[in-house]
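A short worksheet on the structure shown next.
The values are calculated or read from the model by the stated rules, or taken from the named source; none is laboratory data. Note that this is a predicted model, so its numbers are computed, not measured. Cβ coordinates were reconstructed from backbone atoms using ideal geometry, including for glycine residues, and neighbour counts include every protein chain displayed. Remember, those area values only see protein heavy atoms, side chains included, never the ligands or the DNA or RNA. Shrake-Rupley method; radii C 1.70, N 1.55, O 1.52, S 1.80 Å.
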Amino acid sequence: MTMTSTDLTKAIRRSDFADGFLWGVSTSAYQIEGAAGVDGRVPSIWDTFSATPGKVRDGSTGAVACDHYHRWEEDLDLARAMGLNSYRFSIAWTRIFNGVDERPNAEGLAFYSRLVDGMLARGLQPWCTLYHWDLPQYLQDRGGWENRATIDAYLRYVDVMTQHLGGRVKHWITHNEPWCTAMHGNWDGMHAPGNKSLPLALQVCHHVLVSHGLAVPLIRANVPDAKVGIALSLHPIEAASDSAADREAVVRHDVLRNRWFLDPLFGRGYPELALRLVGDDAPAVVEGDMDAIAARCDFLGVNYYFPEVVIDAPDQYPLRTAIVHPQDRERTDFGWEVSPQGLVDLLARVAREYPTGDLYVTENGSAYDDHPDADGAVNDTARRDYLIRHLAATRDAIAAGAPVKGYFAWSLLDNFEWSEGYLRRFGLTYVDYPTQRRTVKQSGRWYGAFVRGE
Ligand code: FCB
């Protein structure tokens, strides 16, 4: 029997979760800040990419976005009013180093200082992502993540930021979704910088992972009591049929999608099977790299949106798999499958197969195209129900043994959704872009009431 929406709101209670569980929202700099040319910020690869015709579906950029750079107090007030106790944000590297001065930009430092103080004043524990895809363009001009020198530039930036904020920010995420940085950025070209080469993507990926591993001890040295981790985009992989060929396709698909990250981070190196499949396209690895990548972390961040369904596809290099989209699945307006069970399975699998330490759902959310009704209310029942069902899934994963200590909904606000521009709305809060008016949606109102235990 399927539950109605009304039943769903009773499907879960805050008391189902431990005291001290973190309730948050996730955001990222390029998607919300705007103020692209303000206070010494220089262009990132996303400024360049989004200004290139044909790269973003609605032809938009993040130049203004939610104007969060100027409206951050109002935005943090929304999170506080919901009763949240944590807030995940990212720093725009382009506000800190401009590629010319050796010294960090005082105005950029001051902005993040104000922002973090604003979180603390509102009872929001700051969770800082150091890299959420907005590489300075001047570094891309010198080869970007393909160039090992970018690792050094990243470490210098991490050093400065963790010294600057380390007294106040204890939770640090080195990278958001290296799969997307590497593969969307350099293999399928859907994201900045828009390259289309597998060997390049794998080299980029390797350098991103090395930069993560080298950042871990650096952050610990700078931040007393630091908790350090990385946020991965992970997907349960499902076979489209029961055939042996499709079931083997799952193993091959998983090896690049998930294990290419999890295995080296937990000291197992790149999976043999993956190395065999990519052959000469494997990245160049310098002695010491794999040990660096395996630096012990305090937690793993899991970003979960949907499972992938695959078939055996012998002509597809390198995995001989293809993703399919079965008609009979429930989907969001973005076309992403809705599968709360996928989150249970994923968290349980990661906890079973890897010594992750604490787990956090660092992103989870849905895009539905809801707008204000005649009374100005945004009744996004589908998004609310998605949220409820995924919180129930998180609870069930905990019961199944996954040490999940917090949940961050993506996202506080509707925002710039990368190559989809402003066409996809993931927010718990509606943003009317022409006026920048914020309206908390039904989903955000529900989340707040739930978190406050009402
Ligand atoms: C994730 C990204 C995040 C957001 C969501 C919808 O892959 O980390 O920035 O775009 O997808």
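Kindly provide the set of residues from segment 92-132 that are β-branched (Val, Ile, Thr) and within 16 Å of the ligand (Cβ to nearest atom), ordered by number.
THR129, the sole residue that qualifies.
Hey, among VAL378, VAL361, VAL431, which residue is within 15 Å of TYR304 (Cβ to Cβ) and not charged (D, E, K, R)?
Values: VAL378 fails: within 15 Å of TYR304 (Cβ to Cβ); VAL431 fails: within 15 Å of TYR304 (Cβ to Cβ).
Checking each option against the conditions leaves just VAL361.
Return only the number of the condition from (1) within 21 Å of the chain's Cα centre (by Cα); (2) buried (at least 21 other Cβ atoms within 10 Å of the Cβ); (3) of a type in the set (A, V, I, L, M) that MET82 does not satisfy.
It fails just one condition, (1).
Which condition does ASP369 not pass, out of (1) charged (D, E, K, R); (2) surrounded by 20 or more Cβ atoms within 10 Å (Cβ to Cβ); (3) part of a loop (DSSP other than H, G, I, E, B), if it passes all the others?
Condition not satisfied by ASP369: (2).
Out of (1) on the phi > 0 side of the Ramachandran plot; (2) in a helix (DSSP H, G or I); (3) of a type in the set (Gly, Ala, Ser); (4) more than 15 Å from the ligand (Cβ to nearest atom), the odd one out for GLY401 is which?
For GLY401, the exception is condition (2).
List every residue pair whose Cβ atoms lie under 6 Å apart, where the two residues are 6 or more positions apart in sequence or sit on different chains, the first residue falls within segment 246-273 and is within 19 Å of PRO355 (Cα to Cα), and the second residue, located anywhere, is part of a helix (DSSP H, G or I) and open to solvent by less than 20 Å² (accessible area, probe 1.4 Å).
That search, which allows pairs on different chains as well, returns VAL255/ALA274; TRP260/ALA274; PRO264/ILE293; TYR270/PRO264; PRO271/VAL255; PRO271/ASP263.
Let me spell it out: the conditions are (1) within 16 Å of the ligand (Cβ to nearest atom); (2) in contact with a His (Cβ under 7 Å, 6 or more places away or on another chain), and LEU135 meets all of them except one. Which number is the exception?
Failed condition: (2).
State whether one or more residues within segment 3-24 are touching a residue at least 24 places away in the same chain (Cβ under 8 Å) and within 14 Å of the ligand (Cβ to nearest atom).
No, segment 3-24 contains no residue that is touching a residue at least 24 places away in the same chain (Cβ under 8 Å) and within 14 Å of the ligand (Cβ to nearest atom).
Residues in segment 279-308 that are within 16 Å of the ligand (Cβ to nearest atom) and assigned to a loop (DSSP other than H, G, I, E, B): how many?
4
Taking segment 111-127 as the region of interest, how many residues are open to solvent by 10 Å² or more (accessible area, probe 1.4 Å) and assigned to a strand (DSSP E or B)?
Here the count works out to 1.
Among ASP280, ASP298, which is under 20 Å from THR362 (Cα atoms) and of a type outside the set (Gly, Ala, Ser)?
Testing whether each residue is under 20 Å from THR362 (Cα atoms) and of a type outside the set (Gly, Ala, Ser) leaves just ASP298.
In the set ARG352, ARG383, which member is open to solvent by 30 Å² or more (accessible area, probe 1.4 Å) and more than 17 Å from the chain's Cα centre (by Cα)?
ARG352
Would segment 93-101 turn up any residue that is within 21 Å of the chain's Cα centre (by Cα), under 29 Å from LYS441 (Cβ atoms) and buried (at least 23 other Cβ atoms within 10 Å of the Cβ)?
Scanning segment 93-101, I find no residue that is within 21 Å of the chain's Cα centre (by Cα), under 29 Å from LYS441 (Cβ atoms) and buried (at least 23 other Cβ atoms within 10 Å of the Cβ), so the answer is no.
Do we have any residue at all in segment 309-328 that's assigned to a helix (DSSP H, G or I) and closer than 25 Å to ARG252 by Cβ?
Checked against the condition, which is being assigned to a helix (DSSP H, G or I) and closer than 25 Å to ARG252 by Cβ, segment 309-328 yields no hits at all.
Does any residue in segment 400-427 that is without any contact (Cβ under 8 Å) to a residue 12 or more places away in the chain come within less than 6 Å, Cβ to Cβ, of a residue that is within 12 Å of the ligand (Cβ to nearest atom) and of a type in the set (A, V, I, L, M) six or more places away or on a different chain, and which pairs are these?
none
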